[in-house]
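The values are calculated or read from the model by the stated rules, or taken from the named source; none is laboratory data. As the structure is a computational prediction, the values presented were derived from the model and not from experiment. Glycine also receives a Cβ, built like all others from the backbone with ideal geometry; neighbour counts cover every protein chain displayed. These area figures cover heavy atoms from the full protein model, side chains too; ligands, DNA and RNA do not enter into them. Shrake-Rupley method; radii C 1.70, N 1.55, O 1.52, S 1.80 Å.
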Amino acid sequence: MLLLKYYNPVYQIAFSNWKEMYLLNKEPILLIPELYQGKLVYRARGSAKRISYTSIKKGLLKKEVLINFNLPF
């Protein structure tokens, strides 16, 4: 289980710190932080679409989100 403190409903992204952001689809996807033109951006592994940290912060709500990871045991 993972408890995330902040949530952006527009992008459906939740996080507790800037290093670990999760895209909440059917299954949560960990986003990779990168620098692009001097700004902090996030993208999913294998994707070319980038979401900037400033755009994530614009619609941010302080809401606790609990994620359960399905382990294959």
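Filter region 15-39 down to the residues that are assigned to a strand (DSSP E or B) and acidic (Asp, Glu) and list them by number.
From region 15-39, those assigned to a strand (DSSP E or B) are 15-17, 20-24, 28-36, 39; that's our starting set.
Passing the criteria: Glu20, Glu34.
Looking at Asn17, is it open to solvent by 40 Å² or more (accessible area, probe 1.4 Å), modelled with pLDDT under 90 and not acidic (Asp, Glu)? Steps first, answer last, please.
On the way: open to solvent by 40 Å² or more (accessible area, probe 1.4 Å): yes; modelled with pLDDT under 90: no; not acidic (Asp, Glu): yes.
So Asn17 fails the test.
Go through (1) of a type outside the set (D, E, K, R); (2) closer than 21 Å to Leu2 by Cα; (3) open to solvent by less than 90 Å² (accessible area, probe 1.4 Å); (4) without any contact (Cβ under 8 Å) to a residue 40 or more places away in the chain one by one and return the number of the condition Val41 breaks.
(2)
Six or more apart or on different chains, Cβ atoms under 9 Å: show the pairs whose first residue is in region 12-34 and over 10 Å from Leu2 (Cβ atoms) and among the charged types (D, E, K, R) and whose second is open to solvent by 40 Å² or more (accessible area, probe 1.4 Å) and not in a loop (DSSP other than H, G, I, E, B).
Lys19/Pro33; Glu34/Leu40; Glu34/Arg43
So, in region 1-14, of the ones that are among the hydroxyl-bearing types (Ser, Thr, Tyr) and under 9 Å from the mean Cα position of the chain (by Cα), which residue ends up most open to solvent (accessible area, probe 1.4 Å)? Before you say what the answer is, go through the steps one by one.
Narrowing region 1-14 to residues among the hydroxyl-bearing types (Ser, Thr, Tyr): 6-7, 11.
So of that shortlist, the ones also under 9 Å from the mean Cα position of the chain (by Cα) come out as 7, 11.
Working: Tyr7: 41, Tyr11: 82 Å².
Checking each candidate, the answer is Tyr11.
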